[in-house]
Amino acid sequence: MDSVLERAVTEISAAAEGAESIGQSSPLGATVLPGGVNFSVFSRNATAVELLLFNREDDFQPERMITLDPATNRTYHYWHVFVPKVRPGQLYGYRVDGPFDPESGLRFDSSKVLLDPYGRGVVVPRNYSRDAARLKGDNAATAMKSVVVDPLAYDWEGDKLLHRPASRTIIYEMHVAGFTRDPSSGISEKTRGTYAGLIEKIPYLQKLGVTAVELLPVFQFDVQDAPPGKPNYWGYAPVSFFAPHQGYSSRRDPLAPVNEFRDMVKALHRAGIEVILDVVFNHTAEGDHRGPTQSFRGLENSIYYILESDRSRYANYSGTGNTLNANHPVVRRMIVDSLRYWVEAMHVDGFRFDLASILDRDESGNLMPSPPVLWDIDSDPVLAGTKLIAEAWDAAGLYQVGSFIGDSWREWNGRFRDDIRSFFRGDERSVGNLADRLLGSPQIYGHKKREAEASVNFVTCHDGFTLNDLVSYNQKHNESNGEGDRDGANDNRSWNCGVEGPTDDPAIEKLRNRQVKNFLTVALLSLGLPMISMGDEVRRTQQGNNNAYCQDDEINWFDWTLVAKHSDVHRFVTMINSRRLFRDLEPARQWLSLNEILLQANKAWHGVKLGQPDWADSSHSLAICAQTPNKELLFHVILNAYWEALEFELPHVGRDDADSWRRWIDTTLDSPHDIVEWDTAPTIPGRIYRAGPRSVVVLFAGVGDGTSPSKQPGSTPPDAIKHGVE
């Protein structure tokens, strides 16, 4: 009888007798099997491991303690046991003993209840205490506990990943709780701020025209990992990479977060909306050497984290106190297993990786030329076809926009954000970079020969000013965070349009509204994959706070009264999303040099005079003419960041084109004339269009047999753009 069969017979016999048995090392975590559950956890240097089974999340003592015998319940570095009669919903944790030797990187503490790194669910006691996990002594009553989950125990009703092409994707970055937490959401108090609450607002997302939601972290996180008296609202403080955050569930039973999350995904998929998760594989909530022992630190500190040469201290490339050792084989496996789980068991469509450049670092923090974890993710067959998006920088100065490793990764284009902000603020030397960003940033991505959607184009995100605040504040106002306004970025490239903060001045409000529409137009119509941030479509404000990570209040919540107050902006976004034009201007699915793009896509640059774009440092305006590949439609886009109106010559459309151009967008006009339905678009008489100060204009026309716009003289950008020199 072979060893595998022998073990299977042993397990069945033990289950029938109602006694624990040695169990198996694989798979890791708590695995539901016929007759009970197999538990397996990794710890190389532990000398003793206890599995604790709890009846309630706030129990002072476990209902049952199972001591794992290192002679029989350990295979290599894996501690395991099969426990009969355990069912899904069981609460559990570990106590792990071993050397407490910080100078050697070991921090075992057998007084602490530890979460299972592979736990599929987590419960949080009402009296949870981060301090109790940090200070000496038993913390059983106040510790988070893991939950046994059966990944197969859910009826997906035929649901599958949507696999929407990136060229047909519009991302809406949002916070699960903040979307419906405000009473103005109009939903029941029980479901406000929950997965169930988000389901109720899916019709709003459909009407807005977005095709994917990018959810701020939903991995279980430590709400208390924040300044004293403040909560961690954003969720960038994970304690588990497999469990959905309990605080976003409308119900308190242990399995509710898992099932309610799945309900949300299934409902979004039925509405044609993909689900992308903002994932944090760069650090955990355990913090630096003064932080709590919650899981990884108490299991194998020196493997899960990058340590400094002084092994008692943590490398801090994340800016949060510690850095996950992502390229260690054990951690690599956990990361990939986590991603596979969220795709296979939770039906998630993609991931945005927070501070993804940390995944390029080795166990000493050095940059790796070919990081194993990134290629593991890139080449994994389960993850094939999912959207992988990198925030290609870290908190220690590593910046990899345009150079992130991998064949299928897309990147948050921070340069798009900065350059578009600079142009509409009226900065000098901004026109050349604007031109490149409109085309999908070939300066940055052309060498990769990737599709335009390698660039995720955004002007704002959760981190920084909202779009309303970008045009309302010159300086950040983070005083309420309690850090003396020292936190948050100082380089915001914002402009308050004349008054700091809210104003009743109608002229300033009109200008701000126009600037908001300018930003939205460029973000949504440039080549690339567009992303807008929750509430920007209705001018949501954070009162000038550009780092609102610890504000669980009106500063962060979506104020639904703004949908009516700023209905013109909401309408504007909805109508752009319904006709995202410039994705159809791509000549091919591979990048070429900028000159080849201009030639093959039939694009031409202009200024106020045809064929005479002004690339000077002092220029504040640009026009581009582009023809769709089928040559049926022609578009002329005017971008005027100058503080006065400018008159732009329009190209020929055909032989008799006096009234051929039609106006789709003009951000200087009041709603509903700022953007119109195509079939009601007014014609433009003559060959001149007067673009108002600080405005964007989009004209379109059916193409006759006139001169191709690419053949207009002087249409090629300067060498600084052609060769990617900024």
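The values are calculated or read from the model by the stated rules, or taken from the named source; none is laboratory data. Worth saying up front: this structure is predicted, and the values here are computed from it rather than measured. All Cβ positions, even for glycine, are placed from backbone atoms using ideal geometry, and neighbour counts span all protein chains on display.
Please verify whether ARG262 is under 30 Å from TYR314 (Cβ atoms) and surrounded by fewer than 23 Cβ atoms within 10 Å (Cβ to Cβ), treating the condition exactly as stated.
no
If you check CYS497 against the conditions, is it in contact with a Lys or Arg (Cβ under 6 Å, 6 or more places away or on another chain), assigned to a loop (DSSP other than H, G, I, E, B) and more than 18 Å from PHE423 (Cβ to Cβ)?
No: the conditions fail for CYS497.
Tell me, which helices (runs of 4 or more DSSP H) lie completely within segment 315-427 with 2 or more residues that are surrounded by fewer than 22 Cβ atoms within 10 Å (Cβ to Cβ) and in contact (Cβ under 8 Å) with a residue 60 or more places away in the chain?
Numbers: elements: 329-344, 372-379, 414-425.
Passing ranges, in order: 329-344, 414-425.
State all residues of segment 448-487 that are without any contact (Cβ under 8 Å) to a residue 24 or more places away in the chain and outside any loop (DSSP other than H, G, I, E, B); if no residue qualifies, say none. Reasoning before the result, please.
Residues of segment 448-487 that are without any contact (Cβ under 8 Å) to a residue 24 or more places away in the chain, as a first pass: 479, 484-486.
Within segment 448-487, GLU479 is the sole residue that qualifies.
Is one or more of the residues making up segment 197-215 within 29 Å of VAL330 (Cβ to Cβ) and out of contact with any His (no Cβ under 6 Å at 6 or more places or on another chain)?
yes
Report yes if some residue within segment 411-431 is on the phi < 0 side of the Ramachandran plot, modelled with pLDDT under 95 and in contact with a helix residue (DSSP H, G or I) (Cβ under 7 Å, 6 or more places away or on another chain); otherwise report no.
Of segment 411-431, the ones on the phi < 0 side of the Ramachandran plot are 411-425, 427-428, 430-431.
In the following step, the residues that additionally are modelled with pLDDT under 95 were identified as none.
No: zero hits.
Find the residue count for segment 502-543, including only residues that are assigned to a strand (DSSP E or B) and in contact with a His (Cβ under 9 Å, 6 or more places away or on another chain).
1
Checking the conditions here, which among ASN546, ASN556 is closer than 19 Å to ARG417 by Cβ and either under 25 Å from the mean Cα position of the chain (by Cα) or not in a loop (DSSP other than H, G, I, E, B) (or both)?
It is ASN546.
Which of (1) out of contact with any Leu (no Cβ under 9 Å at 6 or more places or on another chain); (2) assigned to a helix (DSSP H, G or I); (3) hydrophobic (A, V, I, L, M, F, W, C) is the odd one out, the single condition LEU198 does not satisfy?
Single failed check for LEU198: (1).
Kindly indicate whether ASN301 is farther than 17 Å from PHE242 by Cα and either in the same structural domain as ALA226 (by TED's automatic domain parsing) or surrounded by 21 or more Cβ atoms within 10 Å (Cβ to Cβ) (or both).
Considered against the rule, which asks whether it is farther than 17 Å from PHE242 by Cα and either in the same structural domain as ALA226 (by TED's automatic domain parsing) or surrounded by 21 or more Cβ atoms within 10 Å (Cβ to Cβ) (or both), ASN301 comes out as yes.
So, restricting to strands (runs of 3 or more DSSP E) that lie completely within segment 598-706, which ones have at least 3 residues that are under 30 Å from GLY446 (Cβ atoms) and modelled with pLDDT of 95 or more?
Working: elements: 603-606, 621-627, 633-640, 646-649, 662-666, 688-691, 695-702.
Answer list for segment 598-706: 621-627, 633-640, 695-702.
Can you run down the residue pairs with Cβ atoms below 9 Å, 6 or more apart or on separate chains, where the first is in segment 53-66 and in contact (Cβ under 8 Å) with a residue 12 or more places away in the chain and of a type outside the set (Asp, Glu) and the partner is exposed (fewer than 13 other Cβ atoms within 10 Å of the Cβ) and not in a loop (DSSP other than H, G, I, E, B)?
Qualifying pairs under 9 Å: LEU53/MET65.
Go through (1) at negative phi; (2) touching a helix residue (DSSP H, G or I) at 6+ places or on another chain (Cβ under 9 Å); (3) at pLDDT 95 or above and name the single condition ALA226 misses.
With respect to (1) at negative phi; (2) touching a helix residue (DSSP H, G or I) at 6+ places or on another chain (Cβ under 9 Å); (3) at pLDDT 95 or above, ALA226 is out only on (2).
Taking segment 129-169, which residues are in contact (Cβ under 8 Å) with a residue 40 or more places away in the chain, assigned to a loop (DSSP other than H, G, I, E, B) and buried (at least 20 other Cβ atoms within 10 Å of the Cβ)?
ALA143, MET144, VAL148, VAL149, THR169
What single numbered condition from (1) crowded, with 22+ Cβ neighbours inside 10 Å; (2) within 25 Å of ARG539 (Cα to Cα) fails to hold for ASN433?
Checking ASN433 against (1) crowded, with 22+ Cβ neighbours inside 10 Å; (2) within 25 Å of ARG539 (Cα to Cα), the one that fails is (2).
Quick check on segment 281-295: of everything there that is surrounded by fewer than 24 Cβ atoms within 10 Å (Cβ to Cβ) and of a type outside the set (Gly, Ala, Ser), which residue is nearest to VAL223 (Cα to Cα)?
THR293
Which residue is nearest to the chain's Cα centre (by Cα), if the candidates are limited to segment 96-112 and must be closer than 27 Å to PRO254 by Cβ and surrounded by 22 or more Cβ atoms within 10 Å (Cβ to Cβ)?
Among them, the one singled out is LYS112.
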